[in-house]
Amino acid sequence: KRKRLGQAMVAASLFLLSVLSLTPVADGLSRAVETDAPPFPGDSVDFVVVLGGGHASDPALPLSAQLSSAALHRLVEGVVIATAQPWSRLVLSGWGGADPKSNADVYREIGAALGFPEVRMVLEPRPRDTRQEAELLAPLLRGHRFALVTSASHMPRALALFRAQGLDPIPAPTGHLAKAPQGFDLLSWVPNEGNLVRTRFSWHEILGQAWARLTGGT
């Protein structure tokens, strides 16, 4: 009986893994957390806030490779928005953890390398998570119009945490996981490891939203 149970559990696990590796399933989970977030509408803002997204300040790597893919998407989108509005200031957030440099510092270095003026940058290297980013940036942002730049899957939780501080951010999502394919592709029904990565990000955000609710953050 135990052998049959073990075989059934292994088969069920492989089946679930295969299903979660399919493009339609990964897209569905991604859209559920991204809630079809539209791009930044182009409103005039005083600040463009780029939330931290992870990095590794390895001197052997080029600057662009030191950021996680999520952080790189966020920084580029923030620089694009702030460049189009020369009166705005670019707020770069994120701590370093065990890394000697903070995420905000790495953002600054890459932003400067892209030609964005450092005098228009505001660094906040202390926040360890999104809740702290909202709390520590609230005094600077309160009473101002600002764009909030983060990953599309992270946007619902980030908006809730910033609004809990009495702020009214304008969403500027980027790094979307769900992307509408142009045309039908039979390969979308073949299990793919890249879809497992998207599924993992989606579940991470679902759990993050649940934790924020449990801890009174939203």
message = If I build a Gaussian network model for the chain, linking alpha-carbon pairs within less than 10 angstrom, which residue out of A82, A138, A11 has the largest mean-square fluctuation?
response = A11
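If exposed trypsin sites (Lys or Arg not before Pro) are those in a DSSP loop with at most 14 other Cβ within 10 Å, what is the longest stretch of the chain that has none?
Of all site-free stretches, the longest is 2-127.
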ask   = Once you list every other residue whose beta carbon is under 12 Å from the beta carbon of V122, what net charge do they have if Lys and Arg are +1 and Asp and Glu are -1?
value = 0
key: Percent of Cα-Cα distances greater than 13 Å, calculated over the stretch 128-174   = 49 percent
query = Want the number for A8 to R142: 0.36 nm per residue separation, take away the alpha-carbon distance, what's left?
reply = 42.6 nm
key: Stretch gain in nm, segment S64-A84, where the contour uses 0.36 nm per residue and the Cα spacing is subtracted   = 5.0 nm
task = Between beta-carbons, use under 15 Å as the cut-off and find the net charge around F47, counting Lys and Arg +1, Asp and Glu -1.
result = -1
inquiry  = Report for the chain the percent antiparallel among DSSP-assigned beta bridges with both residues inside it, nearest 5.
reply    = 5 percent
Neighbourhood net charge (9 Å Cβ-Cβ; Lys/Arg +1, Asp/Glu -1) for P156 = -1
inquiry  = Once R0 is set to 25 Å, what does the formula 1/(1 + (r/R0)^6) return for the Cβ-Cβ distance between V119 and S44, expressed as a FRET efficiency to the nearest 0.05?
reply    = 0.80
key: Computed over the chain, Kirkwood Rh from alpha-carbon pairs, angstrom   = 18.7 Å
ask   = What number, in nm² with one decimal, is the all-direction average of the projected area of the convex hull of the alpha-carbon atoms of the stretch 31-88?
value = 5.1 nm²
ask   = Which percent of the accessible area of the stretch 1-71 is formed by carbon and sulfur heavy atoms (probe 1.4 angstrom)?
value = 66 percent
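The values are calculated or read from the model by the stated rules, or taken from the named source; none is laboratory data. Quick caveat, the model's predicted, so the values are computed rather than measured. Using ideal geometry, Cβ is built from the backbone for each residue, glycine included, and neighbour counts are taken over all protein chains shown. Just so you know, the surface numbers come from the protein's heavy atoms only, side chains and all, with ligands and any DNA or RNA stripped out. Shrake-Rupley method; radii C 1.70, N 1.55, O 1.52, S 1.80 Å.
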